[in-house]
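Written below as structure tokens is the structure these notes are about.
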Amino acid sequence: MFDKVNNMKNKFQYGGMAVIEGVMMRGPRETAVAVRKPDGSIELEKEANSDVGKRYPFLTWPLIRGTYVLIESMAVGIRMLNLSANLSMDEEDEELSTGELVLTGLFAFALAMVLFVVLPTWIVHFTQQYLGDIFLQNVVEGIIRISFLLIYIYAISRLEDIARVFMYHGAEHKTILAYEAGEELNVENVRKYSTLHPRCGTAFLLIVMVISILVFAMLGDGSLFYRIWSRIAVFPVVAGLGYEFIKFSGTYYDHAWARWIVAPGLWLQKLTTREPDDDQLEVALVALKAVMREEDLQVIPVQESPL
């Protein structure tokens, strides 16, 4: 037996994301993506983490680091999605080009701006005479924005391919929770954990939308053009506040008040995660073990990798 490791303040907070037929995990020095190939084998790819934060320490300052982490995570996420898509294909399938992936990313970004910035702002701007003061307008705008998010997530969750990605999302969460609980990292132990995690990016989205109500209210009123572009301009501030909130609440999740605060984000994850099967848990374990620090491997026993 081994001692359980319960104090997250002294442990590295590993993070990751679901990719196509696989899981990406990010450690202190490296990022790894593990993908289940069509023949049933698991392929693992690793890359060194960017040292931009070390070369420019101000990027790791509170509030600023939220925007930096978000931009870096998006860049890494796009690369890993492209890599996982190509790894998961049969040999005879044509690989996705970098250009195709960039265009897909730009389209997704533009769609997000229209759905979650332009459209809610437009609706409230042309109904403001019925809503009263600026704070109430922003509350209504926030409710519309969150409603669009829920509808969008529910709609894409009905797609078969996305449903499998959500299963890998659940596998990622279960694996990290098992590590944080000090469990021996094997499929049997990981299986019993929840698919919901307080530091999930889904929870981050919800927190950002709630914080935006307060921040956007400070921008005052103006033309439709001003309202749209002012919201885009202050998004780094909103993202920074959201990141600090998620990091703080995740660190103190063992306190009742923190669990109460993050509960809505966990509820939202019920839409973006699914119960994974053992094969998917195995993939998540391979990705996590590949980036774990030596000191973590010494504290938490791990079974031999299937690779």
Review point. So how many residues does the range 30-86 have that are assigned to a loop (DSSP other than H, G, I, E, B) and at negative phi?
Key: 10
Check your understanding: Looking at LEU205, is it under 15 Å from the mean Cα position of the chain (by Cα), modelled with pLDDT under 90 and under 22 Å from LEU150 (Cβ atoms)?
Key -> yes
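Among ILE228, ILE213, which is the only one that is under 15 Å from GLY142 (Cα atoms), out of contact with any Gly (no Cβ under 8 Å at 6 or more places or on another chain) and among the hydrophobic types (A, V, I, L, M, F, W, C)?
ILE228
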Point to revise | All positions within the range 106-129 that are assigned to a helix (DSSP H, G or I) and not hydrophobic (A, V, I, L, M, F, W, C) | key: PRO120, THR121, HIS125, GLN128, GLN129
Exercise for review: Pairs only if they're at least six apart or on different chains, beta carbon under 7 angstrom, first in the range 191-219 and free of Cβ contacts under 8 Å to residues at least 24 places away in the same chain, second hydroxyl-bearing (Ser, Thr, Tyr); list them, first residue then second.
Suggested key: LEU219/SER230
Point to revise | Filtered residues of the range 184-198 (kept if within 15 Å of GLY16 (Cβ to Cβ) and over 21 Å from the mean Cα position of the chain (by Cα)) | key: LEU185
Practice item. Scan the range 67-83 and report the pairs whose first residue is more than 15 Å from VAL23 (Cβ to Cβ) and charged (D, E, K, R) and whose second residue is modelled with pLDDT of 85 or more and outside any helix (DSSP H, G or I), with Cβ atoms within less than 8 Å and a gap of 6+ or a chain change. Key: GLU72/SER50
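Each row is one residue, and each column tells you yes or no for (1) under 26 Å from the mean Cα position of the chain (by Cα); (2) at negative phi; (3) basic (Lys, Arg).
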site	(1), (2), (3)
PHE107	yes, yes, no
LEU131	no, yes, no
ILE146	yes, yes, no
ARG158	yes, yes, yes
Study note, to complete from the structure: Checked LEU103, LEU63 against criteria (under 28 Å from THR272 (Cα atoms), touching a residue at least 24 places away in the same chain (Cβ under 8 Å) and surrounded by fewer than 14 Cβ atoms within 10 Å (Cβ to Cβ)); the one match is LEU63
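Within the range 167-205, track down each residue that is among the hydrophobic types (A, V, I, L, M, F, W, C) and in contact with a Phe, Trp or Tyr (Cβ under 6 Å, 6 or more places away or on another chain).
Those that are among the hydrophobic types (A, V, I, L, M, F, W, C) and in contact with a Phe, Trp or Tyr (Cβ under 6 Å, 6 or more places away or on another chain): ILE176, LEU177, ALA178.
Residues that are aliphatic (A, V, I, L, M), buried (at least 16 other Cβ atoms within 10 Å of the Cβ), at pLDDT 85 or above and within 19 Å of the chain's Cα centre (by Cα): does the range 39-54 have at least one? Let's see the steps before the verdict.
We begin by selecting, within the range 39-54, every residue aliphatic (A, V, I, L, M); these are 42, 44, 48, 52.
Keeping just the survivors that are buried (at least 16 other Cβ atoms within 10 Å of the Cβ) gives 42, 44.
Narrowing the set further to residues that are at pLDDT 85 or above leaves 42, 44.
Remaining after also requiring within 19 Å of the chain's Cα centre (by Cα): none.
There is no residue in the range 39-54 that is aliphatic (A, V, I, L, M), buried (at least 16 other Cβ atoms within 10 Å of the Cβ), at pLDDT 85 or above and within 19 Å of the chain's Cα centre (by Cα).
Criterion first (surrounded by fewer than 18 Cβ atoms within 10 Å (Cβ to Cβ) and part of a loop (DSSP other than H, G, I, E, B)) does GLY132 satisfy it? Lay out the reasoning, then the answer.
On the way: surrounded by fewer than 18 Cβ atoms within 10 Å (Cβ to Cβ): yes; part of a loop (DSSP other than H, G, I, E, B): yes.
The answer is yes for GLY132.
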Check your understanding: If you scan the range 249-268, which residues turn out to be hydrophobic (A, V, I, L, M, F, W, C) and exposed (fewer than 14 other Cβ atoms within 10 Å of the Cβ)?
Key -> ALA256, TRP257, TRP260, ALA263, TRP267
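The values are calculated or read from the model by the stated rules, or taken from the named source; none is laboratory data. All values derive from a computational prediction rather than experimental measurement. Reconstructed Cβ throughout: ideal geometry from the backbone, glycine too, with neighbour counts over all protein chains shown.
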